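Here is the structure we will look at, set down as structure tokens.
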Amino acid sequence: MEVSTTKNSIDGDYNRAKAVNEFDRTKAGVKGLADAGITSIPRIFINPPEKLQKSSNTTRQIPIVDLKGFENGGQRRHEIVNEIREASETWGFFQLVNHGVPDSVMDGMIEGIRRFHEQPAETKMEFYSRDRTQSVRYYSNEFLHSSKAAANWADSLSFVFKDDMVNRDVLPSVARREVEEYVKCIIILKEQLSELLSEALGLSSDYLGSTECMKSAAFLCHYYPICPQPELTLGLSQHTDLPFLTILLKDSIRGLQIRLQDQWVDVHPVPGALIANIGDFMQLITNDKFKSVEHRVLARSVGPRVSTACFFSPSTRNVSKPCGPIKELLSEINPPIYKEVLITDLAAARSELNGTRSSVLPLFKL
Ligand code: OGA
Ligand code: NI
């Protein structure tokens, strides 16, 4: 491995672009570094201390919503809708249990993603790409070249399914069956959440569904290798998610934290749970009623950690239709806060922030 691992200290002649290029050219990702047995991490991964502050609040917990009994329109559905409303208004995050995705399907997905990342580097390299138009690709650090921020200690496999259409042929064969099964289940769950979130906003249950705002799904399947110096870097730096809704599947390794009232709160693994969180675009159309909350993943000396984030965004038909705050939610005392925007405007604004992935919403205020 030709990656320079020695320059951890601050020095004047450090050439970040060169170091980044060397790393990218290996096409072996962070896993390649971990496999090479490095004991000190390359400087491109080292964060300034203020970005690291690893202390966290371990007493508070994101809400757990039990979806059992949501179907029958009865008392339980009413309670579930209230729980989802409260969680979306305060935490922007909730864990879901009894969500209908079988344990075997979730375990299969995690194992399939692990298998993809643990293939011989030469096999995996075929998929290594920075071309965002490619429907399936693998890479390390999306904003590696454009960002001035430290790189994250993780590799990602990404793929996109537009308009609820699952095209299995594009998937890497090593995880094809598992991914296909998981995606089918997650689309059903998304439809249920779309109804429950609509009701939580006081709208008819088909409201969000009829706007097709969550009809396409982008998957990021992360692999966080064991890190030899976890105190110097992050698995995934602080960010908000951009599209409407995220459903996150993760294994039992800790590391996810949520920013709440200036404190980092650890997300405790709940067996069999999936995590749902509100994205920036949902915060925009709900006129700040639902919150898109910052989160991050710590680098760890245990692992590897495997996770899959599924981000829901508009159908191809509606992706070029501007969206603003939902009219039915507005009133004299709740005037619109945001302009009408396209999801691509939000994405472009985020790219311009140079991969810091902080919220772009303030840029779209009226
Ligand atoms: C993301 C994300 C968390 C995780 O991909 O946006 O927040 O646990 N992932 O991998
Ligand atoms: Ni995220």
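The values are calculated or read from the model by the stated rules, or taken from the named source; none is laboratory data. All values derive from a computational prediction rather than experimental measurement. Every residue, glycine as well, gets a Cβ built from its backbone with ideal geometry; the counts of neighbours run over all protein chains shown. To get the accessible areas, we keep the full protein, side chains included, count just its heavy atoms, and leave off ligands, DNA and RNA. Shrake-Rupley method; radii C 1.70, N 1.55, O 1.52, S 1.80 Å.
Are any residues in segment 196-246 more than 21 Å from Leu157 (Cβ to Cβ) and within 12 Å of ligand 2 (Cβ to nearest atom), and if so, which ones? Break it down into steps so the answer makes sense when it comes.
Filtering segment 196-246 down to residues more than 21 Å from Leu157 (Cβ to Cβ) leaves 196-215, 228-232, 238, 240, 244.
Listed by number, the residues that qualify are Gln238, Thr240.
The number of residues in segment 283-298 being closer than 20 Å to Gln238 by Cβ and either touching an Asp or Glu at 6+ places or on another chain (Cβ under 8 Å) or part of a strand (DSSP E or B) (or both) comes to 7. Assess whether Leu220 counts as being among the hydrophobic types (A, V, I, L, M, F, W, C), surrounded by fewer than 22 Cβ atoms within 10 Å (Cβ to Cβ) and under 20 Å from Ile113 (Cβ atoms). Answer is yes for this residue. Tell me, yes or no, whether segment 110-123 has at least one residue that is touching a His at 6+ places or on another chain (Cβ under 9 Å), in a strand (DSSP E or B) and either in contact (Cβ under 8 Å) with a residue 24 or more places away in the chain or surrounded by 13 or more Cβ atoms within 10 Å (Cβ to Cβ) (or both). No: zero hits. Restricting attention to segment 49-85, the residues that are closer than 30 Å to Ala150 by Cα, in contact with a strand residue (DSSP E or B) (Cβ under 9 Å, 6 or more places away or on another chain) and not hydroxyl-bearing (Ser, Thr, Tyr) add up to 8.
Hey, can you tell me all the residues within segment 344-365 that are part of a loop (DSSP other than H, G, I, E, B) and either of a type in the set (S, T, N, Q) or modelled with pLDDT of 85 or more (or both)?
Answer for segment 344-365, where residues must be part of a loop (DSSP other than H, G, I, E, B) and either of a type in the set (S, T, N, Q) or modelled with pLDDT of 85 or more (or both): Asn354, Thr356, Ser358, Ser359, Val360.
Just to verify a result, which residue in segment 132-142, among those that are part of a loop (DSSP other than H, G, I, E, B) and in contact with a Gly (Cβ under 8 Å, 6 or more places away or on another chain), is modelled with the lowest pLDDT?
Glu142
Taking (1) more than 16 Å from ligand 1 (Cβ to nearest atom); (2) under 25 Å from Asp66 (Cα atoms); (3) part of a loop (DSSP other than H, G, I, E, B) in turn, Ile188 satisfies each apart from (3).
When segment 322-343 is filtered for residues that are surrounded by 14 or more Cβ atoms within 10 Å (Cβ to Cβ), part of a loop (DSSP other than H, G, I, E, B) and in contact (Cβ under 8 Å) with a residue 24 or more places away in the chain, the ones remaining, listed by number, are Gly324, Pro325, Ile326, Leu330, Pro336, Ile337, Lys339. For first residues located in segment 51-70 and closer than 16 Å to Glu83 by Cβ, partners that are open to solvent by 40 Å² or more (accessible area, probe 1.4 Å) and among the basic types (Lys, Arg) and lie 6+ apart or on another chain with Cβ distances below 6 Å form the pairs Gly69/Arg76.
Might you let me know whether segment 209-216 holds any residue that is more than 10 Å from ligand 1 (Cβ to nearest atom) and in contact with a strand residue (DSSP E or B) (Cβ under 6 Å, 6 or more places away or on another chain)?
From segment 209-216, those more than 10 Å from ligand 1 (Cβ to nearest atom) are 209-216; that's our starting set.
Next, from what is left, pick out any that are in contact with a strand residue (DSSP E or B) (Cβ under 6 Å, 6 or more places away or on another chain): 214, 216.
Yes, there is a match, as at least one residue in segment 209-216 is more than 10 Å from ligand 1 (Cβ to nearest atom) and in contact with a strand residue (DSSP E or B) (Cβ under 6 Å, 6 or more places away or on another chain).
For segment 143-170, a tally of residues being outside any loop (DSSP other than H, G, I, E, B), away from ligand 2 (no atom under 16 Å from the Cβ) and open to solvent by 10 Å² or more (accessible area, probe 1.4 Å) returns 7. A search for C-beta distances below 9 Å between a residue of segment 277-288 that is of a type in the set (D, E, K, R) and any residue that is within 16 Å of ligand 2 (Cβ to nearest atom) and open to solvent by 10 Å² or more (accessible area, probe 1.4 Å), counting only pairs 6+ apart in sequence or on different chains, returns Asp280/Leu242; Asp280/Pro243; Asp280/Ser292; Asp280/Arg350; Asp280/Ser359.
So, Thr233, is that one open to solvent by 10 Å² or more (accessible area, probe 1.4 Å) and at negative phi or not? Taking the combined requirement at face value, the residue does not satisfy it. Looking only at residues in segment 275-312 that are open to solvent by less than 30 Å² (accessible area, probe 1.4 Å) and of a type in the set (S, T, N, Q), the one that is farthest from ligand 1 (Cβ to nearest atom) is Asn287.
Here are Asp241, Asp251: which of them is within 12 Å of ligand 1 (Cβ to nearest atom), of a type outside the set (Ser, Thr, Tyr), open to solvent by less than 30 Å² (accessible area, probe 1.4 Å) and more than 22 Å from Asp163 (Cα to Cα)? Walk me through it before giving the result.
Working: Asp241 fails: more than 22 Å from Asp163 (Cα to Cα).
The unique qualifying residue is Asp251.
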